[in-house]
Amino acid sequence: MANATTPLLADDRRSAHSDDLSDSEEDALRGRSHATHTGRSLFSRSREALLFIWALLATAGVLILAVWISHHQQTSFTKPGGKRNLVFMVSDGMGPASLSLTRSFRQYTDGLDYGDTLTLDKHFWGTSRTRSSSSLITDSAAGATAFSCGEKSYNGAISTLPDSTPCGTVLEAAKRAGFVTGLVVTTDITDATPACFSSHVDMRTQNDEIALQQIGQGPLDRVVDLMFGGGRCRFLPNGTAGGCRKDDVNVVDIAKNDFGWNYIDDRASFDELWLGKKDVPLPMLGLFADTDIPFELDRRQLNDIYPSLSEMTETAIRALEKATKDSDKGFFLMIEGSRIDHAGHGNDPSAQVREVLEYDKAMKTVIEFLENSKVEGVMVATSDHETGGLSVAKQLNVEYPEYLWYPGVLANASWSSEHLAHRLHKHVAHHDPSIADLKRWIHDELVVPGLGIADATEEELTTVALYPALAQPALAKMISDRAQIGWSTHGHSAVDVNIYSYSAVGGPAAADALRGNVENTDVGRFLREYLGVDVDAVTQELREKRGLDTSAKQQQQNQLLEGDDESTGSRTGNGGGHNGETTESQPEIPDHWTAHEELETHRLEEEEQAEEAKEYTEV
Ligand SMILES: [Zn+2]
């Protein structure tokens with residue numbers, strides 16, 4: 001073989017110099033040995049090709065596996081088998097600055113070490129982006145729709161999509177799957193966040209309709225088993241004591257008679273349940289205030305009238321745990337620290353720190369329950385958005401800013417600016433003082449004992465006396481200035497918010513899908529996936545019951561859009577241009593804060609009229 005191949009090598013070298021030698025001539029010259037060479041070469045080439053393909057496939061396989069594992073780690077979670085409980089907590093309007101504010105405040109007031117942290121801090125998990133489909137700055141309705149439906153929608157939407165069709169919620173799907181469900185809030189139970197789990201309307205202002213759907217008079221019948229909160233006036237007919245509905249429907253009566261609700265409306269009845277003297281009968285509707293339950297700062301001095309968030313939380317958990325004792329399903333409970341948002345709207349830092357502390361206490365209650373429960377369970381907590389543009393610093397003049405803020409100023413306040421402003425409104429309504437007298441009264445009755453401020457300026461007192469309607473922000477500003485706390489708005493902001501999570505049984509990684517920076521809709525999707533419930537089936541059922549054919553509805557919507565851009569455009573758009581800037585003007589959606597101030601004014605007027613009528617009859 002070696003003899004045969006040697007000349008060929010020489011030939012090869014020669015032919016390298018002979019460009020004219022064709023391939024066929026060369027083949028002829030090579031003869032048999034060429035054929036042998038070609039055979040071996042074919043075999044070796046095929047082997048190389050096979051090896052190459054194998055290597056390529058193996059590499060591709062490894063790559064696909066790596067990508068899948070990484071994706072799986074990012075998006076999946078350890079889904080507990082069998083019975084499970086899910087507690088979802090919402091700190092409405094709480095941004096990261098509120099944590100620093102409250103942590104330092106507590107360290108100051110309780111004389112704690114700088115390393116002392118809140119329960120919240122110990123369970124920090126990730127962060128969430130918050131924009132809605134209609135704006136870079138969300139409201140609570142679009143924020144809660146992201147949690148309840150796992151879908152983006154427009155500001156004002158109550159579990160309704162931009163095409164005006166309803167979307168099923170995790171609570172509704174949980175109820176359908178056999179879980180027991182509950183809602184605990186400190187604001188109206190018909191307010192945006194609880195409403196989004198238990199009703200479907202186009203606009204958050206439709207409180208009257210929301211109340212009816214929540215007790216069971218909706219397309220899905222009753223889906224909630226327990227509701228604790230405020231907003232009693234939304235359930236009582238217009239013109240009756242404590243009623244603020246626009247119609248004369250008594251929702252409490254319908255709830256009791258047609259849907260079997262047990263109803264309580266005062267602290268005494270609540271205490272029987274809270275202190276464990278009585279089991280909580282389900283379904284249970286507990287409405288403890290006409291509108292909001294007072295800020296915790298005020299409530300602790302009105303403790304004989306209103307229960308706290310942590311007390312309601314503990315009672316609700318005990319009730320739901322007992323109700324699911326013999327069930328193979330657990331419960332879904334949504335708990336909202338609703339009024340952190342209101343303290344932000346009012347730019348009142350002393351009210352806010354107490355709201356956050358009470359929310360922190362409620363979270364501790366939830367964690368202790370999960371720790372001691374034999375049932376698998378998870379707590380996930382987040383905020384719908386930040387409110388107030390809070391910053392834990394404020395430059396008071398053109399001088400170089402000081403690097404400090406004073407928690408002691410917040411500690412000195414014993415009432416919220418909201419409570420003190422309402423006292424002023426009442427005083428002005430019943431008396432007719434001169435400005436000088438009013439300034440003295442404001443100083444002696446509100447500012448010194450209520451805010452704990454002894455150095456109010458003439459200008460500050462004059463502002464409050466001249467414009468009682470602006471007293472709340474003016475009084476709050478007196479605290480913020482002295483504590484050197486800054487605010488950029490009386491509305492919401494677009495800052496990312498924190499996510500918290502805890503799980504005792506089932507491992508701390510249960511909410512792994514929410515690690516890092518996620519979209520608020522990811523939080524909503526996690527809730528349904530953790531419970532393993534079919535939200536899409538509920539969406540389908542809602543649409544069928546409303547006689548909605550999605551495509552027909554979309555067609556109708558498009559026609560509306562073509563005919564009348566202004567009336568519907570801002571709701572259906574996804575925020576305008578690709579930069580996410582809202583190109584169309586935003587519709588006016590009165591938020592809860594404004595609406596409540598109007599309600600309060602209306603109530604004062606009614607009180608005044610009643611008093612005048614009483615004086616008249618007495619004369
Ligand atoms: Zn708000």
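Just so it is clear, none of the values below were taken in a lab; they were calculated from the coordinates. None of these values were measured; they are calculated from a predicted model. Counting neighbours? That spans all protein chains shown, and the Cβs are built from the backbone with ideal geometry, glycine included.
A compact table of results
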item	result
Long-range amide H partners of Trp487 with built H, under 5 Å	Ser391
Cβ-based exposure ranking for Asp432, Asp522, Asp116, Asp384, in which fewest neighbours within 10 Å come first	Asp432, Asp116, Asp522, Asp384
Listed peptides 287-298, 239-250, 146-157, 321-332 by packing density, highest first (mean Cβ within 10 Å)	146-157, 287-298, 321-332, 239-250
Radius 10 Å from Cβ of Ala351, net charge of other residues (Lys, Arg +1; Asp, Glu -1)	-3
Fraction in percent of alpha-carbon pairs per bin - 10 Å, segment 209-308	16, 44, 33, 7, 0
Cα gyration tensor shape of segment 120-176, rounded if a/c is under 1.5, else prolate or oblate by comparing a/b with b/c	oblate
At 1.002 mPa s and 20 °C, Stokes diffusion of segment 360-425 via Kirkwood alpha-carbon radius, µm² per second	127
Tensor-based shape of segment 97-234 (alpha-carbon gyration tensor, a/c under 1.5 rounded, otherwise prolate or oblate)	prolate
Long-range HN-HN contacts of Thr138 with modeled amide H, under 5 Å	Ser132
Anisotropy class of segment 149-203 from Cα gyration tensor, a/c 1.5 cut	oblate
Cross-link pairs beyond the 24 Å C-alpha cut-off, checked among Lys152/Lys325; Lys122/Lys361; Lys175/Lys325; Lys426/Lys614	Lys152/Lys325
Translational diffusion coefficient (Stokes-Einstein; Kirkwood radius from C-alpha pairs) of segment 101-148 at 37 °C, 0.692 mPa s, in µm²/s	244
Val497 long-range amide H proximity, modeled H, under 5 Å	Ser128
Cα-centre dipole for segment 104-158 with unit charges at Cβ (Lys and Arg positive, Asp and Glu negative), debye to 20	300
